1. In whole Hz, what ³J(HN,Hα) sequence does the stretch 13-19 give by Karplus (6.51, -1.76, 1.60; θ = phi - 60°), x for Gly and Pro?
2. Run the reach check for K110 against aspartates and glutamates, Cα to Cα strictly under 18 Å, same-chain hits fewer than 8 apart removed. What comes back?
3. Considering only the other residues whose Cβ falls under 13 Å of the Cβ of P73, what net charge follows from Lys and Arg at +1 and Asp and Glu at -1?
4. Which residues' amide hydrogens lie under 5 Å from the amide hydrogen of V65, considering only partners 5 or more residues apart or on another chain, with H built in the peptide plane?
5. For the stretch 72-153, what class follows from the C-alpha gyration tensor (a ≥ b ≥ c being the square roots of its eigenvalues): rounded when a/c is under 1.5, otherwise prolate if a/b is larger than b/c, else oblate?
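No value in this document is a laboratory result; all are computed from the given coordinates. Keep in mind that what you see is a predicted model, and the values were worked out from it rather than measured. Note that we place each Cβ from the backbone using ideal geometry, even for glycine, and neighbour counts take in every protein chain shown.
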Amino acid sequence: MSANSLLHWSIADEVHWDAFNDFHTEAPANFFQQEPATEAVFLFDNAPAHRRAEQAALAASERTVKRLPPYSPFFNPIEELFSKLKAGVKVFVTERRDDLLTTPVGISKKEHRRGLLVEAAGRSMQLIQRVEFAAYDRHNYTYVHAALDCRDM
């Protein structure tokens, strides 16, 4: 994501090393296509799974990696995106409650619900607006000085 838009996203059944690596390979190409003068920077929080990913990303020359300080979700733009995604999925599920509870013949409940969840996620991601990215950047910037001064927030 950038201050202008969501540049790259994907849906995976499970996130394992190959899927994670594929995402980090595809994303920069997508960034450069949509915003050619923009450098792709990957932000990692302190999740243990990100340590290995950070090492791999650093090995690739076209990737810049930044590590967030501990306990700083307000500096992690993906947190706002997840919040918007979850809200959109909740609206979708509420509107499609009957579809969710009725499994079509010939398909497992798991497959049916996964399909609805993928549809909900896809719709939610499309509804996230450019103006929200800029507003989120402005909001986060208000915390920078307090964080640099090590003040409680």
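1. These are the phi-based 3J(HN,Hα) values: 4, 8, 9, 10, 4, 5, 5 Hz.
2. Output for K110: D13, E14, D98, D99, E119.
3. -3
4. F42
5. Taking the square roots of the gyration eigenvalues as a ≥ b ≥ c, the stretch 72-153 is prolate.
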